[in-house]
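Novice: What follows is a structure written as structure tokens; I'll ask about it next.
The values are calculated or read from the model by the stated rules, or taken from the named source; none is laboratory data. The structure displayed is predicted, hence computed values, not measured ones. Cβ sites come from the backbone with ideal geometry, for glycine too, and all protein chains shown count toward neighbours.
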Amino acid sequence: MPEDTATAPKRLSRRTFLLGGSAGFALLAGGGATWALDRFVVDHVEVSDASAYEAAAGVESVDTSNAQGTFTDTTYSSQYCTITISTVVTGSGDSTVTYYVADVVLTDATVLRSAFADDEFGTNIVEDTSAIAADNDAVFAINGDYYGFRDTGIVIRNGVAYRDAGARDGLAFYRDGSVRVYDETATDADTLIAAGVWNTLSFGPAIVEAGAVVQGIEDVEVDTNVGNHSIQGDQPRTAIGVIDANHLVLVVVDGRSEGYSEGVSLPELAAIFTGLGAVTAYNIDGGGSSTMVFHGALVNDPLGKGQERGTSDILYIGG
């Protein structure tokens, strides 16, 4: 999973870490330095002001800026949604797993929005989840699918199409509150928007379908490009589950932190969601990107270091 940070001056040094190791040295030694820098480091901005781009599209959604919300340490409630945050710790010693569950009930599906790092759409553009959340007055946020690490997938955000290059199984959030796994290669962005799709995520795999753990997920590779071949083993994770229309559970699992949380495999992640009553669940970007923010504060502890890693996008609820 990609390694990135929040601000432009730091991107080169941190993102170069992705090319560190034998694969990176081979690329540089083989004369591939220019390609590697362009592919993994240099920002490629396609839409420089996503907020204005979406406003120009005239897509209607709920305006939560007037929310009269109330907070406790673990809950938020307004006329638009209720959010309940739970911490779960299982196991002991080196087998300890710590994860965080956000139970989210919406009054309207468009309350759950997406935002891009630096309000720009493209590749290699990153910002910490908490910073993107603050920029958008979010009361709650998680990292997104890291769309900016690849140039494939269908990317629909807040009812607007940004990319139409189907490549894998995606997750579609509909305006009626339903959420479905779909085959990107069997449709296109315009068709999805016409059918009422509000947001899409392109990562995967789907880990729960029809209330059961999907078989074979332990063998899935999300991408085959440098630095992101496999998502197997015990890892930090972020995933989204569906209990019912407008009722979601969003889970962030910490990992790679001895004695605090070792992370989980995909089958173990799926079991968390079936235990929560999810009928559908979908894995998104994890590793050091796995982040949950609530009421302006970092909920989890990415990699046990108390600091975030930049990502290209978030899912959030404003207030």
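Novice: I'd like to check something: does the stretch 139-151 contain any residue that is of a type outside the set (K, R), part of a loop (DSSP other than H, G, I, E, B) and touching a Pro at 6+ places or on another chain (Cβ under 9 Å)?
Specialist: Within the stretch 139-151 (the criterion being of a type outside the set (K, R), part of a loop (DSSP other than H, G, I, E, B) and touching a Pro at 6+ places or on another chain (Cβ under 9 Å)), the answer is yes, since at least one residue qualifies.
Novice: In addition: From the list G211, G122, exactly one residue is touching a strand residue (DSSP E or B) at 6+ places or on another chain (Cβ under 7 Å) and in contact (Cβ under 8 Å) with a residue 40 or more places away in the chain. Which is it?
Specialist: The unique qualifying residue is G122.
Novice: Go through the residues of the stretch 142-154 one by one and say whether even a single one is out of contact with any Ser or Thr (no Cβ under 8 Å at 6 or more places or on another chain) and among the polar types (S, T, N, Q).
Specialist: Taking every residue of the stretch 142-154 in turn, none turns out to be out of contact with any Ser or Thr (no Cβ under 8 Å at 6 or more places or on another chain) and among the polar types (S, T, N, Q).
Novice: Hey, A26 hits all of (1) at pLDDT below 95; (2) assigned to a helix (DSSP H, G or I); (3) in contact with a Lys or Arg (Cβ under 8 Å, 6 or more places away or on another chain) but one; which does it fall short on?
Specialist: Unmet for A26, out of (1) at pLDDT below 95; (2) assigned to a helix (DSSP H, G or I); (3) in contact with a Lys or Arg (Cβ under 8 Å, 6 or more places away or on another chain): (3).
Novice: Is it the case, given these coordinates, that I142 is over 26 Å from Y99 (Cβ atoms), surrounded by 20 or more Cβ atoms within 10 Å (Cβ to Cβ), β-branched (V, I, T) and in contact with a helix residue (DSSP H, G or I) (Cβ under 8 Å, 6 or more places away or on another chain)?
Specialist: Spelling it out, it is not the case that I142 is over 26 Å from Y99 (Cβ atoms), surrounded by 20 or more Cβ atoms within 10 Å (Cβ to Cβ), β-branched (V, I, T) and in contact with a helix residue (DSSP H, G or I) (Cβ under 8 Å, 6 or more places away or on another chain).
Novice: Residue under question is D135, and the condition is that it be surrounded by fewer than 18 Cβ atoms within 10 Å (Cβ to Cβ), without any contact (Cβ under 8 Å) to a residue 24 or more places away in the chain and over 28 Å from V279 (Cβ atoms); does it hold?
Specialist: So D135 passes the test.
Novice: Then there is this: From the set of residues in the stretch 184-200 that are touching a residue at least 24 places away in the same chain (Cβ under 8 Å) and part of a helix (DSSP H, G or I), which is farthest from G159 (Cα to Cα)?
Specialist: Here the answer is E184.
Novice: In the stretch 81-97, what residues are crowded, with 22+ Cβ neighbours inside 10 Å and either among the aromatic types (F, W, Y) or over 21 Å from A172 (Cβ atoms) (or both)?
Specialist: Once the filter is applied, which keeps residues that are crowded, with 22+ Cβ neighbours inside 10 Å and either among the aromatic types (F, W, Y) or over 21 Å from A172 (Cβ atoms) (or both), the stretch 81-97 yields only I83.
Novice: Which residues, counting only those in the stretch 32-80, are under 22 Å from A115 (Cβ atoms), surrounded by 16 or more Cβ atoms within 10 Å (Cβ to Cβ) and among the hydrophobic types (A, V, I, L, M, F, W, C)?
Specialist: Of everything in the stretch 32-80, those that are under 22 Å from A115 (Cβ atoms), surrounded by 16 or more Cβ atoms within 10 Å (Cβ to Cβ) and among the hydrophobic types (A, V, I, L, M, F, W, C) turn out to be V47, A50, V62, A67.
Novice: Collect the residues in the stretch 161-209 that are within 19 Å of F273 (Cα to Cα) and of a type in the set (D, E, K, R), keeping them in residue-number order.
Specialist: The answer is D169, R180, E209.
Novice: Taking the stretch 259-277 as the search range and keeping residues that are surrounded by 22 or more Cβ atoms within 10 Å (Cβ to Cβ) and of a type outside the set (S, T, Y), which one is farthest from V242 (Cα to Cα)?
Specialist: E262
Novice: Can you tell me which of G306, G288 is farther than 23 Å from N199 by Cα, in contact with an Asp or Glu (Cβ under 9 Å, 6 or more places away or on another chain) and small (G, A, S)?
Specialist: Unique residue meeting the criteria: G288.
Novice: Next up: I'd like to check something: does the stretch 93-110 contain any residue that is within 24 Å of T274 (Cα to Cα), touching a Lys or Arg at 6+ places or on another chain (Cβ under 6 Å) and either touching a residue at least 60 places away in the same chain (Cβ under 8 Å) or charged (D, E, K, R) (or both)?
Specialist: Yes, the stretch 93-110 contains a residue that is within 24 Å of T274 (Cα to Cα), touching a Lys or Arg at 6+ places or on another chain (Cβ under 6 Å) and either touching a residue at least 60 places away in the same chain (Cβ under 8 Å) or charged (D, E, K, R) (or both).
Novice: Same structure again: Would you check which residues across the stretch 296-319 are in a strand (DSSP E or B) and under 13 Å from the mean Cα position of the chain (by Cα) and list them?
Specialist: Result: T311, D313, I314, L315, Y316.
Novice: With the stretch 48-129 as the region, which strands (runs of 3 or more DSSP E) entirely inside it contain at least 2 residues that are under 26 Å from D190 (Cβ atoms) and not hydrophobic (A, V, I, L, M, F, W, C)?
Specialist: Answer list for the stretch 48-129: 112-116, 121-123.
Novice: Just need a number here: residues in the stretch 231-274 that are farther than 25 Å from G306 by Cα and not acidic (D, E).
Specialist: 12
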